[in-house]
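The values are calculated or read from the model by the stated rules, or taken from the named source; none is laboratory data. None of these values were measured; they are calculated from a predicted model. Positions of Cβ are generated from backbone atoms using ideal geometry, with glycine treated the same way; all protein chains shown enter the neighbour counts. Surface areas here come from the heavy atoms of the whole protein model, side chains and all, with no ligands, DNA or RNA. Shrake-Rupley method; radii C 1.70, N 1.55, O 1.52, S 1.80 Å.
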Amino acid sequence: MKIKKLLAIIFAATLCAAFATTAAACSDDDDDDKHEFTVLAVKEETVKDYNSMPVFKSLARETGRDVYWIYNTSTQYSNNTDPVGIKGIDAIYHSGFSNLQLYNYGRRGRIAAIDEYLNYMPNLKKILETRPDIAEALKSPDGHIYSLPRVEEMGLKAYPNILFLNKAWVKKLIADGNMPAGVRLKPEDLNDGLKLKRGEFKAILQQFASLDMDGDKDKSNEVPLAFVSGNWQGNESDLIASFGVPENTEHKTVINGKITFTIESENWFNAVKELNDWYNKGLIRSTAFSQTQDEFLARGQDGRYGAFYWWEKETVVSKDKQDDYIMLQPLVDDATNKQYVGLSNELEVEKSACVILGSCKDKAGLLSYFDKFFEPDYSAQLNYGSIESGAFKAQKEDGKLIPNDDHGRQSADDFRMKNAPYGVVYLTAEVWENYVEMEPRAKLRLERLEAYVKPHTYAGATAIPNLNYTKEQLDILNKYEASLGKNITSWFTNRVTSKSAPTMSDWQNNLLKVNALSIEQVKSVNQAAYDRYINATT
């Protein structure tokens, strides 16, 4: 038996024994010894086998490269303490390595320095030459690039939360004479862009909590306000921001060029105290702090959310319920009569979409294959699904691919999750303008953000860009950043869900004072890296 065949069987058996691995990862491919490259992809079981996807078959035909895909689910992958040590693989797709992991693996030669192979990668080479910001973002402390990026620039990620209100329930309150005192709304007011004070919104939620809004004689199954705490989208950040603080899930942003932690603002503390009141009045349920994104989406389909934060309503509620919801503007602060939203640090240029292992015998050959991923037609199919699968309309307009967002009873998100491998893509303003049309729902979201959300961005706030750090700075972040994030999340969740409101003394002593060193160290490192980034890109 050939060595590569033996390694593949041992590797597959090991995964099965350790993890109860997916069928794709555990299958024994009779022709595996004939494959030129083997790539481990991190994907869930609901996603189709990459080996059968038309886009990868097309890539194989065009490049002449034979790539065989095996799999880990995200849970299996996260349980592996040394993924680059897996035998028999040449690359990891969706590797998700941190800056420190990329540097440590790279400097030891366990993953390849991709910048040394740019002569075999004309697409990536051109990108790095024409986009110095991307080149700067991908560098490790030694100046090397150790991963392939995902670039999807749509202007959407900075604003991952839109607040939607169940107008059908509000109409019912109006019709039944149950509108709260001081909230003067008429049915004709219930349109996208409705502007409400936070106090008015709270009063409406209180009615949702106390009445049987869906008429099933059970007042417990309605959820007045839903979100997924700490999630990259659909989180509570903009609710906190309404108190006058540029909040995001990292509690860290740039204000007038200075790295700032939002938790140090008294407005942030006031928001936590008020959310505690909302929780104890039943306006926010405990599931908001424990549910997964998938659980949130499943619970919202039948229209039992009174209001919710999410990327778009079209994903959360079934098609027959979508007209029941309207988009609200960011809530108006009762004290100042102003509206505020913060900026997410979710990046449109992501590192670590793919790494090539140092043990790969033909790094140039495999990288020349991955270089095709940056071409517009392939990027589009990797991002939305193959042309053959129905991801795009049959016709082209001005030579552009047009995504198809109508998949019958299946939502566009469900279709993409099953048919699109995501990962390494290059979709920029130039690509959208000349090669690929944005999805209609993406265009709609941009229109919503431009009209109702972006004008209320906290003054002077900007998102933290892709920063690169020195080895010493990475060590400092590794020592302080993760534990700081956990401490903030723990304090926040415990205080919001407590029976009693948090005190200022508790906030100052048990959050700020306890974490003072970590806060200062993380701020200092990020400030130095931010200043260096500005100097390198301006």
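Listed here are the residues, each with its yes/no results for (1) closer than 20 Å to V349 by Cα; (2) of a type in the set (V, I, T).
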residue	(1), (2)
T75	no, yes
N80	no, no
T130	yes, yes
A135	yes, no
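Within the option set A364, A298, being without any contact (Cβ under 8 Å) to a residue 24 or more places away in the chain, over 25 Å from L449 (Cβ atoms) and not acidic (D, E) holds for one residue only, A298. Restricting attention to region 487-538 and to residues that are within 28 Å of the chain's Cα centre (by Cα) and not in a helix (DSSP H, G or I), the residue that is surrounded by the fewest Cβ atoms within 10 Å (Cβ to Cβ) turns out to be T538. Search region 351-388 for residues being touching a strand residue (DSSP E or B) at 6+ places or on another chain (Cβ under 7 Å) and farther than 22 Å from V55 by Cα, and hand back the single one that is surrounded by the fewest Cβ atoms within 10 Å (Cβ to Cβ). For region 351-388, the residue satisfying everything is G358. Residues that are aliphatic (A, V, I, L, M), open to solvent by less than 20 Å² (accessible area, probe 1.4 Å) and not in a strand (DSSP E or B) within region 338-350 comprise just one, L343. Of all residues in region 71-86, those being outside any loop (DSSP other than H, G, I, E, B) and without any contact (Cβ under 8 Å) to a residue 60 or more places away in the chain number 8.
Pairs needed: first member in region 372-393, within 13 Å of Y435 (Cα to Cα); second member anywhere, hydroxyl-bearing (S, T, Y) and modelled with pLDDT of 95 or more; C-beta distance under 7 Å; at least 6 residues apart or different chains. Taking only residues 6 or more apart or on different chains, the pairs are F374/Y426; S379/Y426.
Results for (1) more than 18 Å from S368 (Cβ to Cβ); (2) at pLDDT 90 or above, shown as yes or no for each residue.
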| residue | (1), (2) |
| --- | --- |
| M1 | yes, no |
| L7 | yes, no |
| C16 | yes, no |
| D29 | yes, no |
| E36 | no, yes |
| L40 | yes, yes |
| P54 | yes, yes |
| E62 | no, yes |
| R65 | no, yes |
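On inspection, L173 fails the criterion of being among the hydrophobic types (A, V, I, L, M, F, W, C) and buried (at least 24 other Cβ atoms within 10 Å of the Cβ). Inside region 444-466, residues that are open to solvent by less than 50 Å² (accessible area, probe 1.4 Å) and either part of a helix (DSSP H, G or I) or closer than 18 Å to P246 by Cβ (or both) make up a count of 12. Take the conditions at pLDDT 90 or above, closer than 18 Å to L124 by Cβ and more than 25 Å from the chain's Cα centre (by Cα) and apply them to L382. Does it pass? It is false that L382 is at pLDDT 90 or above, closer than 18 Å to L124 by Cβ and more than 25 Å from the chain's Cα centre (by Cα). Screening D192 against (1) closer than 23 Å to V341 by Cβ; (2) modelled with pLDDT under 95; (3) not hydrophobic (A, V, I, L, M, F, W, C) leaves a single unmet condition, (2).
Of A288, A335, A298, A307, all but one fail to be assigned to a strand (DSSP E or B) and either open to solvent by less than 10 Å² (accessible area, probe 1.4 Å) or small (G, A, S) (or both); the exception is A307. Looking for something of a type outside the set (D, E), under 15 Å from the mean Cα position of the chain (by Cα) and not in a loop (DSSP other than H, G, I, E, B) - is there at least one such residue anywhere in region 310-318? Yes, that holds for at least one residue.
Residue count for region 54-70 under the criterion of being under 13 Å from C360 (Cβ atoms) and in a strand (DSSP E or B): the result is 1. Screening Y469, Y426, Y422 for residues that are over 25 Å from F373 (Cβ atoms) and either crowded, with 20+ Cβ neighbours inside 10 Å or touching a His at 6+ places or on another chain (Cβ under 8 Å) (or both) leaves exactly one candidate, Y469.
The set of residues in region 317-337 that are touching a helix residue (DSSP H, G or I) at 6+ places or on another chain (Cβ under 8 Å) and either modelled with pLDDT of 95 or more or closer than 13 Å to E200 by Cα (or both) comprises D324, Y325, I326, M327, L328, Q329, P330, L331, V332, D333, D334. Of the residues making up region 188-195, none is within 18 Å of I284 (Cα to Cα) and in contact (Cβ under 8 Å) with a residue 24 or more places away in the chain. Of the numbered criteria (1) modelled with pLDDT of 95 or more; (2) under 22 Å from the mean Cα position of the chain (by Cα); (3) aromatic (F, W, Y), the one F269 fails is (2).
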